[in-house]
Amino acid sequence: MTGSDATPSFRLAYVPGVMPDKWVRIWNERQPGVPLTLTQVPAGAVAERLLGGDADAGLVRTPVDRSVFSAIPLYTEQTVVVVPKDHLVTAVDEVALEDLADDIVLHPLDDVLDWESLPGRPALERPATTADAVELVAAGIGVLVVPLSLARLHHRKDLTHRPLKDAPESSVALAWPEDAKTDQVEDFIGIVRGRTVNSTRGRQQPPARGESADADRGGARRKPAAGKSAGAKRTGKSGRGAPKNDRRGKPRRRS
């Protein structure tokens, strides 16, 4: 099979916590002939996958190396602290960094938050993954600070979370190798940016054969000239719509 005969496809990598379902659904509606393949990739490995050609684009966490990637910021997540349900901070709606001063704050090796100084007391060892850290929180060994989506991803009935003020935040972006932007990437950009099918900024399909330019413009009709209404009858001295008057100003009878 030659390259020109190959069926087009779109390979999308995404990091844990990101939920691409809505965008995938829109893709499937608009591009039924172009299959989309989803692959979840650890946040620290997604750049390598993209540069290695294993994916066409990725939903990644920032920062992104802009010397090799193009990226479109999508949204910024709220940061929360994950604690046991009987922890003292569950008594408030929002937690401050100083409220964690007496707690062991776990710092997993795959942490996606850019800390200048971690709050609380450090653990003796760093857990390998966020999932491992959640298990330690459930065991009462410490607390964990993560983006809200990761707290939801690793939800447990014996744990809860609260918003954490003044903590670093994690943003999500759509990224692709700078020198490998395909038509499918351009189509997906239009979807995540909320463009409609007929958006002038997206790739458009040519009009169906036989359709006129007026049809492309929504079938707009010309407006009648000022002072005239469509379908109005002309009246005047020579018109038959009104009877003529006699010399005394009275209407003449028609024979």
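The values are calculated or read from the model by the stated rules, or taken from the named source; none is laboratory data. Please read all numbers here as calculations on a predicted model, not as lab measurements. Here Cβ is always computed from backbone atoms with ideal geometry, including for glycine, and neighbour counts include all displayed protein chains. Keep in mind that these areas ignore ligands, DNA and RNA; they rest on the heavy atoms of the full protein, side chains included. Shrake-Rupley method; radii C 1.70, N 1.55, O 1.52, S 1.80 Å.
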Output for segment 24-52, where each listed residue is under 19 Å from THR130 (Cβ atoms), under 19 Å from the mean Cα position of the chain (by Cα) and open to solvent by less than 70 Å² (accessible area, probe 1.4 Å): THR39, VAL41, ALA43, VAL46
Could you figure out which of (1) in contact with a Phe, Trp or Tyr (Cβ under 6 Å, 6 or more places away or on another chain); (2) open to solvent by 50 Å² or more (accessible area, probe 1.4 Å) isn't true of ASP93? (1)
Just one of the numbered conditions (1) within 13 Å of the chain's Cα centre (by Cα); (2) surrounded by fewer than 13 Cβ atoms within 10 Å (Cβ to Cβ) is not true of LEU59; which one? (2)
When the residues of segment 62-92 are filtered to those that are within 28 Å of the chain's Cα centre (by Cα) and acidic (Asp, Glu), which remaining residue is modelled with the lowest pLDDT? ASP65
ALA180 - would you say it is surrounded by 13 or more Cβ atoms within 10 Å (Cβ to Cβ) and free of Cβ contacts under 8 Å to residues at least 40 places away in the same chain? no
Yes or no: PRO119 at negative phi and in a loop (DSSP other than H, G, I, E, B)? yes
Looking only at residues in segment 100-121 that are among the aliphatic types (A, V, I, L, M) and open to solvent by 40 Å² or more (accessible area, probe 1.4 Å), which one is farthest from HIS87 (Cα to Cα)? LEU109
Looking at the structure I just gave you, is LEU136 open to solvent by less than 60 Å² (accessible area, probe 1.4 Å), modelled with pLDDT of 95 or more, in a helix (DSSP H, G or I) and of a type outside the set (Val, Ile, Thr)? yes
May I ask you to say which residue of ARG152, ARG126 is assigned to a helix (DSSP H, G or I), under 22 Å from ARG61 (Cβ atoms) and not polar (S, T, N, Q)? ARG152
